[in-house]
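**Student:** One structure, pasted below without further comment.
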Amino acid sequence: MLLSIIAAVADDLAIGQDNQLLCHIPGDLKRFKTITTGHPIIMGRKTFESLPVTPLPLRRNIILTHTPNSLPSGCEGVETPQQAMELIQSEEETFVIGGAQIYSIFLPFVQTMYLTEIHSTFPKADAFFPSFNPSEWIETFREDHDSSDSHPSFSFVNLIRK
Ligand SMILES: NC(=O)c1ccc[n+]([C@@H]2O[C@H](COP(=O)([O-])OP(=O)(O)OC[C@H]3O[C@@H](n4cnc5c(N)ncnc54)[C@H](OP(=O)(O)O)[C@@H]3O)[C@@H](O)[C@H]2O)c1
């Protein structure tokens, strides 16, 4: 059972503002869909509520919340991180997709990170990725992309824990 994080993280570790993403990067959304489709995804209730479509199709949607009965059908609500881990024991790879609270909980148990490094800072951000030590990770992939009118330059980066 492989547990992975997928996240779009700015230079200042910002990941969100007002329960939305920081900017719209079509290539990043496409990569997210390609990587996570067919696999379970674990998220916090706030991230779930920020999604344009719920549940995200073709993936088990596992949502951490203290009120799982309030979730719509097609979702698997769990009240503790341990319950989430039990649900994915027989899965090949599961993706932790945010937000800030959920990344902090699961980062210690994650072996792989699929990051989109957004090469900018966001002073009004209110959600942040947990700080981590890059020397504990091996970079296995990097692909740089130019900025556009709607977003800063960014890089796709894959990391594996040493
Ligand atoms: N850049 C990216 O890649 C990315 C990805 C995802 C999200 N985001 C952004 O991140 C922000 C949201 O992050 P967030 O930290 O505010 O919220 P979040 O992590 O998405 O969800 C927090 C909620 O999860 C539940 N929860 C957390 N810990 C729990 C525990 N131990 N047991 C049971 N339930 C627990 C609680 O739900 P209840 O209140 O229902 O109990 C809590 O309010 C948004 O701005 C979003 O756009 C960015």
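The values are calculated or read from the model by the stated rules, or taken from the named source; none is laboratory data. These numbers were taken from a predicted model, which means no experiment stands behind them. All Cβ positions, even for glycine, are placed from backbone atoms using ideal geometry, and neighbour counts span all protein chains on display. For the accessible areas, the whole protein counts, side chains as well, though only heavy atoms, and no ligand, DNA or RNA atoms are used. Shrake-Rupley method; radii C 1.70, N 1.55, O 1.52, S 1.80 Å.
**Student:** Can you tell which of S70, S50 is of a type in the set (G, A, S) and out of contact with any strand residue (DSSP E or B) (no Cβ under 7 Å at 6 or more places or on another chain)?
**Tutor:** Testing whether each residue is of a type in the set (G, A, S) and out of contact with any strand residue (DSSP E or B) (no Cβ under 7 Å at 6 or more places or on another chain) leaves just S70.
**Student:** For region 30-51, how many residues are open to solvent by 70 Å² or more (accessible area, probe 1.4 Å) and either farther than 18 Å from Y103 by Cβ or in contact (Cβ under 8 Å) with a residue 40 or more places away in the chain (or both)?
**Tutor:** Matching residues across region 30-51 total 4.
**Student:** List the number of the failed condition for F141; all other conditions in (1) under 30 Å from H66 (Cβ atoms); (2) out of contact with any helix residue (DSSP H, G or I) (no Cβ under 6 Å at 6 or more places or on another chain); (3) of a type in the set (A, V, I, L, M, F, W, C) hold.
**Tutor:** For F141, the exception is condition (1).
**Student:** Out of all the residues in region 101-121, which are open to solvent by 60 Å² or more (accessible area, probe 1.4 Å) and either among the β-branched types (V, I, T) or closer than 13 Å to I160 by Cα (or both)?
**Tutor:** Correct list: I105, P108, F109, Q111, T121.
**Student:** Additional query: Are there strands (runs of 3 or more DSSP E) fully within region 1-117 with at least 1 residues that are touching a helix residue (DSSP H, G or I) at 6+ places or on another chain (Cβ under 9 Å) and away from the ligand (no atom under 12 Å from the Cβ)? List them.
**Tutor:** Qualifying strands (runs of 3 or more DSSP E): 2-10, 61-64, 75-78, 93-96.
**Student:** If I ask for residues that are open to solvent by less than 80 Å² (accessible area, probe 1.4 Å) and either out of contact with any Cys (no Cβ under 9 Å at 6 or more places or on another chain) or of a type in the set (A, V, I, L, M) (or both), which ones from region 122-137 would you list?
**Tutor:** Once the filter is applied, which keeps residues that are open to solvent by less than 80 Å² (accessible area, probe 1.4 Å) and either out of contact with any Cys (no Cβ under 9 Å at 6 or more places or on another chain) or of a type in the set (A, V, I, L, M) (or both), region 122-137 yields A125, A127, F129, P130, F132, N133, S135, W137.
**Student:** So, one more: How many residues does region 80-91 hold that are over 19 Å from the mean Cα position of the chain (by Cα) and either open to solvent by less than 70 Å² (accessible area, probe 1.4 Å) or within 20 Å of K46 (Cβ to Cβ) (or both)?
**Tutor:** Result for region 80-91: 0.
**Student:** Now for a different question. Can you report the number of residues in region 118-141 which are within 12 Å of A10 (Cβ to Cβ) and away from the ligand (no atom under 13 Å from the Cβ)?
**Tutor:** Result for region 118-141: 3.
**Student:** Need pairs with beta-carbon distance below 6 Å; first residue without any contact (Cβ under 8 Å) to a residue 60 or more places away in the chain and within region 93-119, second outside any loop (DSSP other than H, G, I, E, B) and open to solvent by 10 Å² or more (accessible area, probe 1.4 Å); sequence gap 6+ or separate chains.
**Tutor:** Cβ pairs passing all conditions: I105/P81.
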